[in-house]
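The structure under discussion appears below in the form of structure tokens.
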Amino acid sequence: MSHSPIVIAGYAEIPVKFRSGRSAYEYAGQVFDQLLSRTAIPKELIDGLSVSSSLSEGSNPFLAGYMAEALGLQCHWLNLSALGGASSLAGVAAAGAAIQAGRTRLAAVISADAPSTKWGSNYGAYRAEFQAPNGVMGPPAAFGLLMSRYAYQYGDPTEALAKIAVTQRRHALLNENTCDKLRKPISREDYLASRFVAKPLRLLDSVMFCDGANALLVTTEDYARSIGLEKFVRITGYAECSNPNPGDPLLPLTESGFLQLAPRLFEQSGLSPGKIHQLQAYDDFTIAILMQLEHLGFCETGAGAKFVLETDISFSGSLPINTGGGQLSVGQPGLASGGLNLVEAVRQLFGEGGERQVRRAQNALVTGIGMIPYGRSWIISAAMTLEA
Amino acid sequence: MVAAAKHPAENATRDYIDSTEFWRGISRSALMLQYCPVAKAFQHYPRPVSIYTGRRTLEWREASSTGTVYTITEGMIGSAAAGSEQRDVVIALVELDVGVRLLATVDVPASREVQIGDRGRVVFFEHPEGYIYYRFRIDA
């Protein structure tokens, strides 16, 4: 049992590409090579592995085992983290718990996916009978429904969503890992002119499936120092809430599990929304950011648009949001997307943000979202606080 | 053109839970939903247990088909590449008066646009994929 703080002591990320023609295994190999190179540790020291589930390899229930084999790792702790866009966060949290329990000392959390090259998932369940025949084939229609209801309850958030889209694209242009297809500036007018995918949801409210990978190294502060890893960030809080209020079939669509996890998260870390230096918020759609701001307590319920319009959310602002461009503007590497903003948080806390380095880099709040259900916002909510 | 139909409940008992009663209802223009007699409440979509008790305290009952539009979206569905007809649809999440939400395409009135709060009822129709299904018709 270890009492040394759990830390993230290394990261790696491969540039996001659209239809790369490469597999999740190829991407995992690339990002693992980069992780070893950046941290200068021999692979034999890594004795734990968490693999995020993958859309392109979704038909393989043994993905974690195949990945350990592919990467040549002997693992005393092996985990398949399958919480959708929260998989990376949950993988890091699970690695931390496994380390505290003495099952592993140094764990890699690897997320690699290539859904724009190959689709290998079938969600099954009730979708074929009760969802798809109604035209709800995927997330855009579900988020179109969510946006309509949000606007009905709280007023039209279009200007705030435009600001989020434009700001994140500006950030993405400073990120060398941004997908080539998205490497062009957009204006408010571009946002407003972008076509409706599921009205009122626009194309520029939405992510684009791409291919990519990211990796993180989790250990204790003491062990990191003992193997020469001098840069690390402490994990000071982690909380999840999946399927909130399951006995309420009329739960407001504008609610999420973040409402329930926020008090637990901030109690663990001793932080509060006003003390957060950067928010790396899961951003499959722009409206999700407004709702997370509200549910995590950055502003009152329904005041997300006002908050965004009155706050400088750029990397140099008072509350930098998604400073790497987020998946909206970097590209969504399938279920590796949850690691995209997590890696950006660690990069910023390491002081390696380059041209987009945030001014205050003592802490970060990172979130993850997973699974679009029937008539609710999203099933899985997860959030983590990191401190330098 | 209607593509070769694959009924959504083709594997109704094998792919998910046994929804035979729902589809029997559809075939006679009745909305059969799961009902928990302990909680005295409906639930939809179907589940293997009651969301209220966690137990299999479930039966199928015919539910009133009236309700209110809770939210809407509009978009193009279908895929020429996949061999299905492309069409514009209005999709609603409806709050049925029996206390559950139902996803449905909307039978749009000719005279005006659909709005949140509109009242209507579930009706049955031949889905473009070639089977009987339900949608929500706004009251005139």
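Model label sites at B:Asp139 and A:Gln153, defined 7 Å from Cα along the beta-carbon direction, differ in position by 2.5 nm. With a Förster radius of 45 Å applied to the C-beta separation of A:Glu230 and A:Ser121, the computed FRET efficiency comes to 0.70.
What is the dipole size for the protein assembly as shown, taken about its Cα centre, with +1 at each Lys and Arg Cβ and -1 at each Asp and Glu Cβ, in debye to the nearest 20? Dipole about the Cα centre, nearest 20: 40 debye. With the simple spin-label model, which puts each label point 7 Å out from Cα in the Cβ direction, the B:Arg61 to A:Lys43 separation comes to 6.1 nm. Label separation (A:Arg19 vs A:Glu267): 5.1 nm, computed from points 7 Å beyond Cα along the C-beta direction.
Students often get this wrong, so check it: of A:Lys17/A:Lys118; A:Lys163/A:Lys184; A:Lys118/A:Lys199, which have C-alpha atoms separated by over 20 Å? The pairs that break the limit, which is 20 Å between Cα atoms, are A:Lys118/A:Lys199.
For the pair A and B, how large is the buried accessible area, both sides, in square angstrom to the nearest 100, if the probe is 1.4 Å?
On the way: alone 15260 and 8390 Å², together 20810 Å².
Protein heavy atoms only, the A-B interface buries about 2800 Å².
Taking a straight line from the alpha carbon of A:Lys306, these aspartates and glutamates sit under 13 Å away, with near neighbours fewer than eight places off in the same chain left out: A:Asp156, A:Glu159, A:Glu294.
Rounded to 0.05, the FRET efficiency of the B:Val123 and A:Asn243 pair, given R0 = 35 Å and the Cβ-Cβ distance, is 0.65.
Report, in deg cm²/dmol and to the nearest 500, the calculated mean residue ellipticity at 222 nm for chain B, where each DSSP H run with n ≥ 4 adds -39500 (n - 2.57) and the sum is divided by the residue count. Can you show the working numbers first?
Working: 1 runs with 8 residues, N = 140.
It lands at -1500 deg cm²/dmol.
Express the accessible area of the protein assembly as shown per residue in Å², computed with a 1.4 Å probe while the remaining protein chains stay in the model. Before the final figure, lay out the partial values.
Values: 20810 Å² over 528 residues.
Per-residue accessible area for the protein assembly as shown comes out at 39 Å².
Round to a whole number: what % of the accessible area of chain B belongs to carbon and sulfur, probe 1.4 Å? Write out the running numbers ahead of the final one.
On the way: 3250 of 7000 Å².
Carbon-and-sulfur percentage of accessible area, whole number: 46.
Of interest is the spacing of the C-alpha centroids, which for segment A:89-142 and segment B:115-140 amounts to 33 Å. For segment A:204-271, what does the alpha-carbon gyration tensor say about shape, rounded, prolate or oblate, given a ≥ b ≥ c as the root eigenvalues, a/c under 1.5 as rounded, and a/b over b/c as prolate? Oblate. Of the chymotrypsin sites (Phe, Trp or Tyr not before Pro) found in segment A:303-388, none is in coil by DSSP with at most 11 other Cβ atoms within 10 Å of its Cβ.
Per residue of A:239-249, other chain Cβ atoms within 10 Å of the residue Cβ number 3 on average. Just the protein heavy atoms count here, and of the accessible area of segment A:29-78 at 1.4 Å, carbon and sulfur take up 51 percent.
Identify the GluC sites (Glu not before Pro) of segment A:1-75 meeting these criteria: DSSP loop state and at most 12 other C-beta atoms within 10 Å of the C-beta. Don't jump to the answer; show the numbers that get you there.
On the way: sites: A:Glu13, A:Glu26, A:Glu44, A:Glu57, A:Glu69; in loops: A:Glu57.
Answer in residue order: no site qualifies.
Rounded, prolate or oblate for chain B? Axes are the square roots of the Cα gyration tensor eigenvalues, ordered a ≥ b ≥ c, and the cut-off for rounded is a/c under 1.5.
On the way: a/c = 2.13, a/b = 1.26, b/c = 1.68.
It is oblate, given that a/c is not under 1.5 and a/b is not larger than b/c.
Find how much the distance from B:Asp97 to B:Val49 grows on full extension, using 0.36 nm per residue of separation minus their present alpha carbon separation; answer in nm with one decimal.
On the way: separation 48, 0.36 × 48 = 17.28 nm, distance 2.20 nm.
Answer, rounded to one decimal: 15.1 nm.
Taking all protein chains together and rolling a 1.4 Å probe, B:Asp139 ends up with roughly 70 Å² accessible. When a/c reaches 1.5 or more, the comparison of a/b and b/c decides; with that in mind, is the protein assembly as shown rounded, prolate or oblate per its Cα gyration tensor? Here the protein assembly as shown falls in the prolate category.
Using the rule -39500 (n - 2.57) for each DSSP H run of four or more residues, divided by the residues of chain A, the 222 nm mean residue ellipticity is -10000 deg cm²/dmol.
The values are calculated or read from the model by the stated rules, or taken from the named source; none is laboratory data. These figures come from a predicted structure and were not determined experimentally. Reconstructed Cβ throughout: ideal geometry from the backbone, glycine too, with neighbour counts over all protein chains shown. Just the protein is used for accessible areas: all its heavy atoms, side chains included, with ligands, DNA and RNA removed. Shrake-Rupley method; radii C 1.70, N 1.55, O 1.52, S 1.80 Å.
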